[in-house]
Amino acid sequence: MIGLRAGISIAIAAILCAALVVIGWSAREAVERTIVPAIAAQAESVGRSAASLVENAVTAGVPLDKLVGVDTYLEGLRRANVELAELKLITPAGAVLGRAGAPPEEANAPQVVTAVTARSGVPLASLIITIDPSVVSGQVNAVLIDVAFIGMVSLLVALELVALVVGARGVEALAALEARVRALSRGHLWMHSDTTEASPLVAPIDAHVALLHARHQKARSEAARRGDAEAISSLDALSARTGLGTTHAGENHAATVIRPALFLFMMAEELARPFLPRLAAEVVPANLHMSVDFAISLPIVIFMAGVALCQLPFAVASERLGRKRGFIIGAAIAVASYVLSALTDNYFLFLGSRLTAAIGYALVFVSAQGHVIDHSRPSERTAGLAVFVRAILVAGLCGPPIGGVLADRLGDHTAFLASAALAALSLLVALLSLPRSQPKKDVQGVGLSDLGSALRAPRLAALLFGCALPAKILLVAICFYLVPVELQRQGYSAAAIGRLQMIYPVLMVIAVPAFAALAERLNARAGFVVMGSLLAGAGTLLLLAGTSPAIIAGVLALLGLGQAMSIASQSALVADSAQHVPGAGSAGVLGLFRLIERTGNAVGPAAAGLLLAAVGFASSGVSIGILVVAGALGFALSGRSQPSTPRTARSDGDAAPEGSPL
Amino acid sequence: MDRRSLLSLGLGAGAAGLMGATPVRAQQDKPFKILMLTFRGETDVERGFREFFQAADVKAEFIVRDADRDPRNVPALIADRATLKPDLIYTWGTSVTLGVVGPLGNTDPAYVHNTPVVFALVAAPVRAGIAKSFESSGRNVTGAVHVVPTDVQMRAMQAYLPFSKVGILYSTNEQNSVVIVEEAKAVAAKMNATIIAKPFHNDSSGRPTSDGVVDLIKQMRAEKVDWLYLLPDTFLGTIYDKVTPAALEVGLPTFAAAELGVREGGALVGLVSRYYSVGQLAAAKAIEILVQKKAPEDVPIETLKRFSLIINMRIAKTLGIYPPIAMLNYAEIVTS
């Protein structure tokens with residue numbers, strides 16, 4: 001049965017999809033109405049200018065049969081106007097004076113004929129231009145692909161923001177109603193204890209159920225007073241069957257509440273992915289004492305390193321500040337940083353703005369994560385953090401294509417202002433939707449000694465250094481640095497780069513749950529980690545065959561598939577390890593895991609920048625891929641000498657599969 | 001043609017300077033006195049120079065004197081300058097300019113040391129010893145250079161008719177020509193072509209002579225030269241009437257580096273700084289000095305940024321060598 005909220009989401013999606021189909025269809029109609037005549041008009045104008053040039057030549061005294069360079073000239077026109085399949089200059093007698101291109105395969109291709117006439121009016125020749133209709137339809141399709149992408153992305157954004165539109169309280173009320181209706185339909189008569197105050201929507205149900213409970217209670221105490229054992233047992237059986245007399249914990253909505261603000265904030269950062277390297281290249285000064293490729297990678301390195309270093313101290317700081325205040329301060333820092341990034345032309349100020357953006361990002365991230373953990377019971381954390389991670393992933397999916405389009409239309413600097421605006425919006429949403437901060441005084445963070453003792457957990461070092469670290473190096477190096485830099489060099493737009501950058505998060509969103517379930521069922525977590533790493537690493541070998549966008553898309557797809565395969569199992573293995581470390585060491589394991597991953601994020605672009613300067617794009621990608629393969633093999637071998645760790649029933653929530661690089 | 005000549009102006013800086021000069025001009029009570037010294041009578045350069053003054057609404061009185069193609073006449077042209085008191089002297093070409101200002105560092109009072117001098121049509125003012133550098137002459141001189149870089153010329157030649165050998169005639173006593181021959185050899189090497197350079201014969205006094213030039217051209221044809229490149233060589237400029245008919249006779253196309261070469265000298269094609277535009281650029285410099293009261297050494301020497309391709313269709317017909325039609329989009333056609 002479809003839940004109430006899911007139903008509303010599906011209804012919204014259906015309405016939006018229908019709107020998209022209508023828009024797409026009318027766009028196609030409009031495009032065919034306007035582009036085809038526009039191309040014909042273009043062919044006519046090309047024909048007129050070419051014909052008048054030939055007329056000028058003849059007027060200047062060049063005999064028609066002595067015209068020089070006609071083929072070259074027509075070929076130049078054809079190259080400049082791809083929709084023109086063939087241009088041919090022929091005399092009335094049929095002699096060909098010049099020709100470029102070839103007639104299209106399609107019969108009845110439209111032709112535009114322009115007459116070349118002498119000043120006296122005598123016809124000298126005809127210029128026949130044949131239009132290639134397949135190019136026309138190709139252009140129409142390209143426009144439609146743009147529309148479809150924008151539509152799909154806005155659909156995702158809309159779904160993500162449903163909670164924002166309905167309001168957090170509205171979402172909770174709907175969820176509470178849904179929980180009650182669903183329980184009743186299954187014959188469950190238990191009481192519901194929600195975290196929120198009772199809404200008018202559910203109050204009548206609760207009142208009736210409470211009445212039943214009271215009657216049941218009364219009946220049971222009456223039976224007890226009478227000593228009627230038969231009545232008591234049948235009342236208890238009823239209670240066991242229907243849940244009468246028990247209270248059921250409600251669903252937790254901590255993640256739902258923070259999701260819109262977090263999503264908007266993450267989108268702000270993701271917008272910059274496709275054009276950040278290009279913008280960095282613009283501001284790199286000429287006289288810098290380092291290779292340009294490394295200088296371009298440095299803004300990404302600094303951001304990732306900033307996030308990595310701030311993570312642990314900020315976990316404590318955000319708890320002391322309170323989650324809401326932490327989120328808001330972080331978002332404010334990020335807004336200021338994006339504005340600075342947008343306005344400065346100075347490379348070092350740009351680097352500085354990326355560092356402060358990282359500080360803001362880290363504070364927002366840990367505050368949001370802390371909010372979910374604070375407001376959920378341990379049993380609910382996995383689900384809560386999964387919602388949280390999905391928001392980040394969807395932001396990673398929507399941000400790059402939108403950012404690419406913005407950068408292409410408005411310029412890279414202005415696109416950064418869009419990031420600032422989104423971050424400011426998320427600040428506002430957080431201000432309105434998050435619960436009041438409850439700062440805590442005595443907060444213990446994860447200490448360095450905890451990290452050290454964590455390393456002694458069985459097989460953990462091999463997992464972290466063999467798989468977790470190389471996986472992040474590969475992801476950030478390929479997806480955020482090497483691919484955009486290479487595609488820019490090949491002349492592709494930021495929008496096209498943004499679209500390719502969607503491949504990874506799309507596969508993660510789709511494949512992570514499936515692979516996680518499969519790994520559980522087959523009891524083969526380590527195997528999935530190794531296989532996934534091998535797949536992602538070996539995928540880079542495709543680059544040896546070429547660096548066309550299709551091949552790069554293949555590499556990104558294998559990367560997404562491989563990491564989707566390994567990431568959930570990897571988190572579960574880490575959580576298993578954590579349970580075998582006593583005391584604070586358990587938190588230390590998780591802290592170490594995140595620290596190692598984020599170190600990989602920072603090392604990735606730095607290594608790629610240095611490699612790119614030294615060995616070029618394909619070799620850089622392949623080298624990092626080989627590192628990943630080697631790490632995975634190392635982890636696999638480490639398992640042969642040690643007994644595998646006993647598996648726990650369910651991984652701890654704190655190590656929820658995290659698809660985002662951050 | 002008007003649009004093309006506008007495009008070829010390259011006068012942005014000069015024109016911008018004029019805008020700020022309006023109030024000064026309003027106070028101009030008497031016209032500036034400009035002494036114009038030409039080498040072979042008035043050309044389009046002088047027309048461009050005068051008309052730029054007119055367009056800028058700067059009043060000037062022009063006193064024109066001609067050296068009649070002999071640099072030895074120059075001292076006589078400036079003998080009365082103490083009484084004439086010109087505000088500025090305009091000079092045409094390297095030899096007249098050198099005759100007026102003398103070589104750099106020469107303090108001979110026979111030369112003009114204080115009155116500002118603006119030249120036009122000097123190919124290489126630094127090499128000729130007229131100026132210290134293009135940024136600043138270091139003395140009372142500035143002006144407009146008219147040469148089109150050698151590599152640009154050779155590429156235009158290649159676009160009209162691909163070559164593997166290019167012939168050049170030059171005067172050994174003109175250092176400028178010797179340098180251009182070397183440049184042409186370097187450019188040709190990059191294009192996998194060779195330069196056949198032949199100097200003019202010299203007479204008993206060591207000056208180049210047109211004797212034997214027809215034979216030199218016939219020799220080049222025999223050596224399978226594809227183009228005859230007419231450099232901005234001062235002596236060559238005086239014997240176009242002997243050179244181009246001889247080339248035409250043996251079916252050799254000629255490419256001129258100076259406007260006169262293709263307009264009146266009978267060359268097939270030329271990539272040139274238009275004389276009229278060079279005159280305008282020189283006038284812009286003169287106005288900077290006269291109206292804005294800038295010192296000549298503070299006004300940089302400049303060349304035009306855009307050039308004009310001129311094709312002589314009469315010669316093209318005679319040779320049967322027509323331009324690629326795409327060239328007609330930007331070339332100017334002459335039929336003289």
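Out of all the residues in region A:57-71, which are part of a helix (DSSP H, G or I) and either more than 25 Å from residue A:120 (Cβ to Cβ) or not hydroxyl-bearing (Ser, Thr, Tyr) (or both)? The answer is A:57, A:58, A:60, A:64, A:65, A:66, A:70, A:71. On inspection, residue A:374 passes the criterion of being surrounded by fewer than 18 Cβ atoms within 10 Å (Cβ to Cβ) and either modelled with pLDDT of 95 or more or out of contact with any Cys (no Cβ under 9 Å at 6 or more places or on another chain) (or both). One residue stands out in region A:28-45 among those that are modelled with pLDDT of 90 or more and surrounded by fewer than 17 Cβ atoms within 10 Å (Cβ to Cβ): the one that is nearest to residue A:127 (Cα to Cα), namely A:44. With the condition kept exactly as written, say whether any residue in region A:46-66 is without any contact (Cβ under 8 Å) to a residue 12 or more places away in the chain, away from chain B (no Cβ under 14 Å), over 15 Å from residue A:97 (Cβ atoms) and surrounded by fewer than 17 Cβ atoms within 10 Å (Cβ to Cβ). No, region A:46-66 contains no residue that is without any contact (Cβ under 8 Å) to a residue 12 or more places away in the chain, away from chain B (no Cβ under 14 Å), over 15 Å from residue A:97 (Cβ atoms) and surrounded by fewer than 17 Cβ atoms within 10 Å (Cβ to Cβ).
From the list B:261, B:270, exactly one residue is at pLDDT 90 or above and either away from chain A (no Cβ under 13 Å) or assigned to a strand (DSSP E or B) (or both). Which is it?
The unique qualifying residue is B:270.
When region A:72-84 is examined, which residues are found to be more than 10 Å from chain B (Cβ to nearest Cβ) and part of a helix (DSSP H, G or I)? If the condition is that a residue be more than 10 Å from chain B (Cβ to nearest Cβ) and part of a helix (DSSP H, G or I), then A:75, A:78, A:79, A:80 are the ones that fit. In this structure, is residue B:282 buried (at least 21 other Cβ atoms within 10 Å of the Cβ), in contact (Cβ under 8 Å) with a residue 12 or more places away in the chain and not assigned by TED's automatic domain parsing to the domain that holds residue B:218? Yes: the conditions hold for residue B:282. State all residues of region B:321-336 that are at the interface with another protein chain (Cβ under 7 Å from one of its Cβ atoms) and not in a helix (DSSP H, G or I); if no residue qualifies, say none. Scanning region B:321-336 gives B:322, B:323, B:324, B:333. One residue alone among B:254, B:234, B:238 is of a type in the set (S, T, N, Q), under 30 Å from residue B:299 (Cα atoms) and outside the structural domain of residue B:121 (by TED's automatic domain parsing), and that residue is B:234.
The single condition among (1) of a type in the set (Lys, Arg); (2) modelled with pLDDT under 90; (3) not in a loop (DSSP other than H, G, I, E, B) that residue A:88 does not meet is (2).
The numbered conditions (1) buried (at least 21 other Cβ atoms within 10 Å of the Cβ); (2) in contact (Cβ under 8 Å) with a residue 60 or more places away in the chain are all true for residue B:312 except (2).
Residue check: residue A:289 meets all listed conditions (1) outside any helix (DSSP H, G or I); (2) touching a residue at least 40 places away in the same chain (Cβ under 8 Å) but one, namely (2).
Can you tell me which residues in region B:226-242 are in contact (Cβ under 8 Å) with a residue 40 or more places away in the chain and under 21 Å from residue B:179 (Cα atoms)? Residues satisfying the conditions are B:227, B:228, B:229, B:230, B:231, B:232, B:233, B:234, B:235, B:236, B:238. Just one residue in the set B:56, B:67 is farther than 16 Å from residue B:112 by Cα and either more than 23 Å from the chain's Cα centre (by Cα) or among the hydroxyl-bearing types (Ser, Thr, Tyr) (or both); that residue is B:56.
State the number of residues belonging to region B:291-308 that are over 15 Å from the mean Cα position of the chain (by Cα) and either surrounded by 23 or more Cβ atoms within 10 Å (Cβ to Cβ) or facing chain A (nearest Cβ under 10 Å) (or both).
Going through region B:291-308 one residue at a time, the tally reaches 2.
The test for being surrounded by fewer than 17 Cβ atoms within 10 Å (Cβ to Cβ), modelled with pLDDT under 90 and either closer than 30 Å to residue B:314 by Cβ or within 14 Å of chain B (Cβ to nearest Cβ) (or both) does not hold for residue A:96.
Applying the set (1) within 13 Å of chain A (Cβ to nearest Cβ); (2) of a type in the set (Val, Ile, Thr); (3) assigned to a helix (DSSP H, G or I) to residue B:311 leaves exactly one unmet item: (3). Residue B:184 fulfils the conditions (1) touching a Gly at 6+ places or on another chain (Cβ under 6 Å); (2) in contact (Cβ under 8 Å) with a residue 40 or more places away in the chain; (3) of a type in the set (A, V, I, L, M, F, W, C); (4) farther than 30 Å from residue B:296 by Cα except for a single criterion, (1). Does residue B:278 satisfy the condition of being closer than 19 Å to residue B:87 by Cα, of a type in the set (Val, Ile, Thr) and away from every other protein chain (no Cβ under 14 Å)? So residue B:278 does not fit the description; no.
Contact map, region B:196-213: first residue free of Cβ contacts under 8 Å to residues at least 24 places away in the same chain, second residue among the small types (Gly, Ala, Ser), Cβ cut-off under 7 Å, separation 6 or more or different chains; pairs are B:201/B:212. Residue-level analysis places residue B:225 among those that are β-branched (Val, Ile, Thr), modelled with pLDDT of 90 or more, in a loop (DSSP other than H, G, I, E, B) and surrounded by 14 or more Cβ atoms within 10 Å (Cβ to Cβ).
Condition check: in contact (Cβ under 8 Å) with a residue 60 or more places away in the chain, surrounded by fewer than 19 Cβ atoms within 10 Å (Cβ to Cβ) and closer than 28 Å to residue A:275 by Cβ. Does residue A:343 satisfy that? Spelling it out, residue A:343 is indeed in contact (Cβ under 8 Å) with a residue 60 or more places away in the chain, surrounded by fewer than 19 Cβ atoms within 10 Å (Cβ to Cβ) and closer than 28 Å to residue A:275 by Cβ.
The values are calculated or read from the model by the stated rules, or taken from the named source; none is laboratory data. Everything numeric in this text was worked out from a predicted model, so none of it was measured. Neighbour counts are summed over all protein chains in view; Cβ atoms, including those assigned to glycine, are modelled from backbone coordinates with ideal geometry.
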